[in-house]
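Structure first, then comments.
What follows is calculated from the coordinates using simple rules that are stated; it is not laboratory data. On a predicted model such as this, the values are computed, not experimentally measured, just so you know. Don't worry about glycine lacking a Cβ; one is built from the backbone with ideal geometry, like all the others, and counts go over all protein chains shown.
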Amino acid sequence: MDPIVEQLQTALRSDVAKSRYLSSYPLDSLALPSIRLMTESVAQIELGLGESRIGGLPDVPPKFVWPRWKPRLPRQDRYNAIWDPEDPQPLSFIAQIDLDSLPSIDNALPSRGFLYFFYDGFCEPWGFEPNDRGSCRVMYFDIDREDLSRAKYPADLPEEFRYSPTRVSTSIELTLPNYADDIPEKPPASEKYQDLRESLAAEPRDVQHRLLGHPQVIQSPMEISVQEATSGYQQKELATYDDEIVGEVLKGAVDWRLLLQIDSDDNPGWMWGDSGRLYFWIRQQDLATKNYASAWLILQSS
């Protein structure tokens, strides 16, 4: 683990211990390290082979197949029109992460290789329905850098969804949850907690992309919604099922953790909903076995 994580944890414990309102809460046990991703607009040619990026074009292995999807049932697109294409349509490229270049924060990710993130920017699925399966894709390749080559956009991917390239720089930060059983619920302690949570950001800017850690929730916690959708249940129908099914969903929800948070950002040129964020989720056990194909995405917006 990077020594910066230990330094941040020590500082957090000290801050909590000094707080009149927070010292009785086990906040240091709730904190999770995260890798903050900051973007800088660049020309595609300026990015090195395999270099981490958000937007632009990925560098891919030989015989790479650009991911596509077609919903099982007709659905609405981002303009509320019915979308039922005859053939699977290309997803938009969101991010490429060079794992070898990342600081080690909790050994959750492989130490080498490349992660690729794709999403349907045209329909902007919320991720609350089983029919959203396939609208995001996370791919991992354990491959040497020199075996990569720059991809080309699919000819049928509209220009609007070919996002601008950005170079990514990283920093380590601790994150605390927006919601948890062991955090203050009433002021002034709740206000002090939110101040502390926001102060932990390594780069306190409006745009906040991150790998791992706690998500910055815009609406409400997502773990139950992810488990509902991946289990084949419609959103908000959980209360209509019997106690056994509800118990299974709630039990499975605790397995999910944030893999990548992608904010609305002018640099790549996207806005998710109304200044919203994309959250790529993955089960702990799938993360441990590198089963990134099981990842699920939730979109939240203000």
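Observations
- Reachable lysines, given that their alpha-carbon falls under 30 Å from the alpha-carbon of Lys152 and they are not under 8 places away in the same chain: Lys63, Lys70, Lys290
- Order of Met139, Met222, Met271 under a 10 Å beta carbon neighbour criterion, fewest first: Met271, Met139, Met222
- Protection proxy ranking of 98-108, 292-302 - average other beta-carbon atoms within 10 Å, highest first: 292-302, 98-108
- On full extension, the segment bounded by Arg150 and Asp181 gains 6.5 nm, given 0.36 nm per residue less the C-alpha separation.
- Look at the alpha carbon pairs under 8 Å that are at least 6 residues apart: their mean separation over the length of the chain gives a relative contact order of 23 percent.
- The range 118-149-the range 231-302 distance, computed between alpha-carbon centres (Å): 13
- In summary, the lysines within cross-link reach of Lys192, defined as a Cα separation below 19 angstrom excluding same-chain residues under 8 places away, comprise Lys18.
- Shape of the range 67-119, Cα gyration tensor, a/c cut at 1.5: prolate
- Extension reserve of the Asp274-Ser231 stretch, reckoned as 0.36 nm per residue once the Cα distance is removed: 12.7 nm
- The order of the peptides 214-220, 19-25, 119-125 by mean Cβ neighbours within 10 Å, most packed first, is 119-125, 214-220, 19-25.
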